[in-house]
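Report on the following structure.
The values are calculated or read from the model by the stated rules, or taken from the named source; none is laboratory data. Because the structure is a prediction, the values reported are computed rather than measured. A quick note on method: Cβ atoms are made from the backbone with ideal geometry, for glycine too, and the neighbour counts reach across all protein chains shown.
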Amino acid sequence: MKRILLVIGMLFVSQSFAVNSTTFCSSPTMANQSGCTSTCAAIADAGSYTLASGSYADCEGVATQLTEYVYKIELGKETIGGESRCTIWEGDDIKIESGSETKGGLYSKYPISLKNCTVGTTYDTIYFTLGRHVDFAGESVFPNDATKMVRTASTYAAKDAGHDDSPVSTWRDNELADSTLNYTAGNSGGGSGSPYKKLGASISATDLTSSSNAVMSWDEVKTSYAWATDSSTRPDFICDPTDSTTCTGEIKSDRYVTIMPASYTDGLPFTMKEGDETLDLEWVKYSSIRGTNESKGVKFLWYNDGGTLKYAGVSVTYDDAYMKLSNIRSNEGL
C-alpha cells in the first residue's frame, strides 16, 4: 500500500529553503535590487531596461521544467559534531516534476519509519539526499523587447562530467573565454561570480521565438563551490561562510546532502517518544509562474554588446518552499 510521503503544491526547492514568497520589484530594473526580484518580462513591460555597454546583468524568466530526485530523508540535529542523524525514508521512486504552473502530489511505495531514531532525542533538522543533477528548461522575453524570446539551448545541455568540482576555475570561465567549459560567470567585474550554464559558445541576440526549450542539466554539487567557500566549519560539507546550515555535502558522484533547519520546517523541533513510529511530511513549494510578469525558476544572463542586447547563459533559481512535519504516531491501523 502506498503512503503519502510528500505533497507538492506549486513547487520549487532550494539549497537554502525559503519560507516567505518572493517579492517582485514594483519598479523592475536590470540592476540588483535588495529585497525584490526583477523579471525580464516586467522590465520589458515597464520599459525600464537600462544596461551600460560592456556590462552583464540578469533577470528572471519562467521555468517550464524542473526535475529533481529525492533518495533519502533523515532527521537530525543542527549541532555540528552532534547531528544524531537517523534515516526515516529511503528509496528510488520519487521524481519531483515542476515548472510553469505545475501542481501535484507525490507518493512513495516506501513508508516513513522512525525505527532508526532514538527515543528521548530532540530533532531540529532534516537532511535530504538528492540527485546532484537537475534537469531544467525555461524561457524569457528579452528585457528590452517583449516580442523576442530566449530559451534554454542544447549546446551545453549535457551533464558536465569532464571537469573537477573544485576549484571553480576548472569548470567556469569569464567572458565565455573557453568553449570547453559549460559554465560562465559573465565577467569578473560583475560582482558575485555566480555560475550560469552557457547557452552557446558565444553571446547571441538571435530571437528564439520559433524554437523549443531544450532540457539542460544543472549540477548542484559543482555550482555549490561558487558560494559554499567554507569547508572547515561542518565536516564533510561545504557551506556558505555566513551560515553553517546552508551547505552541500557530497555522498557519491551523483548525489549530495542538503540541510533544512527548524526555522524552515513547521513541526520542528520535536522530541522522539516511546510509540512514535511514523509521521506525515509535507513539502510545499511554489510554481514558476506567480502572476502577470511574475515568475521564478530560471535566470538569464545578458550582455550589452555595444548597444545590442545579447544572452550569454542561464541558471536555475530557487525560492519559496517550506516543510511541514506533523501527525507523529504509531503504525497501528496503517
Exercise. Taking the stretch 271-298 only, how many residues are touching a residue at least 12 places away in the same chain (Cβ under 8 Å) and either among the β-branched types (Val, Ile, Thr) or part of a loop (DSSP other than H, G, I, E, B) (or both)?
Worked result: 17
Problem set entry | Residue in the stretch 160-177 that is touching a strand residue (DSSP E or B) at 6+ places or on another chain (Cβ under 8 Å), aliphatic (A, V, I, L, M) and at pLDDT 95 or above present | no
Seminar exercise, completed: If we keep only residues of the stretch 43-69 that are among the hydrophobic types (A, V, I, L, M, F, W, C) and closer than 27 Å to SER217 by Cα, then the residue surrounded by the most Cβ atoms within 10 Å (Cβ to Cβ) is ALA63
Problem set entry | Lone unmet requirement of (1) buried (at least 18 other Cβ atoms within 10 Å of the Cβ); (2) within 21 Å of the chain's Cα centre (by Cα); (3) not aliphatic (A, V, I, L, M) for LYS77 | (2)
Exercise. Going by the conditions given, is LEU268 under 23 Å from the mean Cα position of the chain (by Cα) and either more than 19 Å from TYR56 (Cα to Cα) or part of a strand (DSSP E or B) (or both)?
Worked result: yes
For this session: Among the numbered conditions (1) within 21 Å of the chain's Cα centre (by Cα); (2) closer than 29 Å to GLU139 by Cα; (3) part of a loop (DSSP other than H, G, I, E, B); (4) in contact (Cβ under 8 Å) with a residue 40 or more places away in the chain, tell me where ALA228 comes up short.
Result: (4)
For this session: Would you mind stating whether ALA137 is within 20 Å of the chain's Cα centre (by Cα), assigned to a strand (DSSP E or B) and not charged (D, E, K, R)?
Result: yes
For this session: Give the number of residues within the stretch 274-308 that are of a type in the set (A, V, I, L, M) and within 23 Å of ARG172 (Cβ to Cβ).
Result: 2
Exercise. Any chance the stretch 48-56 includes a residue that's under 17 Å from the mean Cα position of the chain (by Cα) and either modelled with pLDDT under 95 or outside any strand (DSSP E or B) (or both)?
Worked result: no
Exercise. Looking only at the stretch 151-183, which residues are aromatic (Phe, Trp, Tyr) and more than 18 Å from the chain's Cα centre (by Cα)?
Worked result: TYR156, TRP171
Seminar exercise, completed: All conditions in (1) assigned to a strand (DSSP E or B); (2) buried (at least 18 other Cβ atoms within 10 Å of the Cβ); (3) at pLDDT below 90 are true of SER315 except (3)
For this session: Please work out which residue is modelled with the lowest pLDDT, limiting yourself to the stretch 184-225 and to residues that are more than 18 Å from CYS239 (Cβ to Cβ), of a type in the set (Ser, Thr, Tyr) and not in a loop (DSSP other than H, G, I, E, B).
Result: SER188
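Give the residue, chosen from THR67, THR87, that is out of contact with any Gly (no Cβ under 8 Å at 6 or more places or on another chain) and at pLDDT 90 or above.
THR87
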For this session: Could you list all residues from the stretch 268-312 that are surrounded by fewer than 18 Cβ atoms within 10 Å (Cβ to Cβ) and of a type in the set (Gly, Ala, Ser)?
Result: GLY275, GLY291, GLY306, GLY307
Exercise. Within the set of pairs 6 or more residues apart or between chains, which connect a residue that is at positive phi and surrounded by 12 or more Cβ atoms within 10 Å (Cβ to Cβ) inside the stretch 103-114 to a residue that is at pLDDT 85 or above and not hydrophobic (A, V, I, L, M, F, W, C) with Cβ atoms less than 6 Å apart?
Worked result: none
